[in-house]
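As structure tokens, the structure follows; a few thoughts come after it.
The values are calculated or read from the model by the stated rules, or taken from the named source; none is laboratory data. Values in this document were obtained by computation on a predicted structure and should not be read as measured data. Here the Cβ is made from the backbone with ideal geometry for all residues, glycine too, and neighbour counts use every protein chain on show.
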Amino acid sequence: MVSACLLGIHCRYDGGHSACSDLMELIPSVSLIPFCPEQLGGLSTPRSPANMTGGDGYDILAAKAKVINADGHDVTQAFVKGAEEANAIALVLKASIAIMKDRSPSCGINTPVYEKPVGYGVGVTAALFNSRGIKLFEVTKGGHFSCRKFQTFLEQFNDFWK
């Protein structure tokens, strides 16, 4: 599973993408399934940017926090629905690995959450995937992705299942 914007699909909140050339190198050797939880949750592209308030993705899934867009609208249900739909795809495909876009209230592993003492937290979909035991990787700001680290993980993962 891969955040669709990382594969050049125009699904970001601003109508753009976050194509990662390092990740594109994997296409010939690894099956990548693109998904955008925000679109799966029914949000349009483009859309108003949103932030988690009151907690991170785990808190949102537990109904203790919200996702509010820049227009002041509560879009929590769309983010939760998108996470659930992405999870349904992962279940059908028996996906055990996800490569996620950083700083995203859906996909990020290190997303700004100013109410948290550390200042960051996990996005809604990333939290759901993590709770299901899906191994998460993150493309960092600037589009950097450690293909070597990922390839090493895949080799170890494949050796485990032999």
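Observations, loosely collected:
- Here Ser104 meets the list (1) under 17 Å from Ile33 (Cα atoms); (2) modelled with pLDDT under 95; (3) surrounded by 20 or more Cβ atoms within 10 Å (Cβ to Cβ) almost entirely, failing just condition (1).
- Identity of the residue in region 107-162, touching a Lys or Arg at 6+ places or on another chain (Cβ under 8 Å), not in a strand (DSSP E or B) and not hydrophobic (A, V, I, L, M, F, W, C), that ends up modelled with the highest pLDDT: Gly108
- In summary, Met100 fulfils each of the numbered conditions (1) within 12 Å of the chain's Cα centre (by Cα); (2) more than 15 Å from Cys11 (Cα to Cα); (3) part of a strand (DSSP E or B); (4) not aromatic (Phe, Trp, Tyr) with the single exception of condition (2).
- Picking from residues in region 36-89 that are assigned to a strand (DSSP E or B) and surrounded by fewer than 23 Cβ atoms within 10 Å (Cβ to Cβ), the one that is nearest to the chain's Cα centre (by Cα) is Asn51.
- Where a residue in region 6-23 is at positive phi and its partner, wherever it lies, is part of a helix (DSSP H, G or I) and surrounded by fewer than 17 Cβ atoms within 10 Å (Cβ to Cβ), with Cβ under 9 Å and at least six apart: Gly8/Met24
- Long-range neighbours under 8 Å by Cβ, at least six apart or interchain, first residue at positive phi within region 83-112, second in a strand (DSSP E or B) and surrounded by fewer than 21 Cβ atoms within 10 Å (Cβ to Cβ): Arg103/Pro112
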